[in-house]
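Participant: Encoded as structure tokens, here's the structure I'll be asking about.
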């Protein structure tokens, strides 16, 4: 049997397996046509990859059986459909983003926080092999941790709603500006109120932590560990907390003041840097999608009953969350990136409504691993 005949047989088997799998899933949750087609498509892709070691891009190079087709010899007229009519081709190159300055802003958040880590000079000298650091306000039950957590929440929100541009600078989709700037102000308000609460209770917080350090110093026989001078006064404490934001346009070479006397070489350099950053946007989105998918494959590969096989809803919920979030913040014009996001949404949408089946059925887990792994392979090729 030649390669084409082997591939045709593999796709036919994969299609039959997909229908059985759909039937099993629908015992607990009905699937719509898009979800069914998605499962069939990825079974065909997986069969193609397993048979040939690659996924064909040429419409005429690989075939899949038309409905009702029978086995036939290689010299007979073909009634097989090109695989590109059944599954979407995988494009390896990333399409560069165009007119990015018209649909996105640069966002830079500047954040400062009080650090509870103190260098212990005396203990470092005694240790003689590096620096010794004291951790003030250790543990979760104190207002320093509560305040720093509020400041970190602002930073995390901005990172979740943007993509990297350069060190310390993020790219924000223009249509999300109102939503993000509003929530940013809300979170900054929460953080500033946390500072006010910390400052109002600072003396009590310091005394409580100083007493903790005294107990440690006594237990270790090193009285110098506890030092009241390690704690700043309340005015200094306040000065250590600040957070602000700048919104800037995405640079373009023709946006620079001609009086700067930029040469063609300088303009080409600017365009090249912007182009590289634009391409990295698409790669970032894909990498964000890959992480929870790879975690899911690793977890679901463990057979039910074996150590580490416990299924938690968060495994699927994490993929749902990242697919939705990447779909919103993606500023790439790359149709392949957009389609892969849709693929992941369709895949996890199927499993989100069938978590108990994944929890209890080994065959469904095995099929899920195959489907997710196929999609991982497609996405990995983009980066």
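Participant: As an exercise, use a Förster radius of 56 Å and the Cβ-Cβ distance of residue 218 and residue 108 to find the FRET efficiency, rounded to the nearest 0.05.
Facilitator: The calculated FRET efficiency here is 0.75.
Participant: Distance from the Cα centre of segment 309-358 to that of segment 204-229, in angstrom?
Facilitator: For segment 309-358 versus segment 204-229, the Cα centre distance is 49 Å.
Participant: Going by the alpha-carbon gyration tensor, a ≥ b ≥ c the square roots of its eigenvalues, is segment 218-377 rounded (a/c under 1.5) or, if a/c is not under 1.5, prolate (a/b greater than b/c) versus oblate?
Facilitator: Oblate shape, in that a/c is at least 1.5 and b/c is the bigger or equal ratio.
Participant: Grab the Cα-Cα distance for residue 264 and residue 132, subtract it from 0.36 nm times how many residues apart they are, and report the gain in nm with one decimal.
Facilitator: Result for the pair: 42.3 nm of gain on full extension.
Only the coordinates and a few stated rules stand behind these numbers; no lab work does. In this text, all values refer to a predicted model and were calculated from it rather than measured experimentally. Note that we place each Cβ from the backbone using ideal geometry, even for glycine, and neighbour counts take in every protein chain shown.
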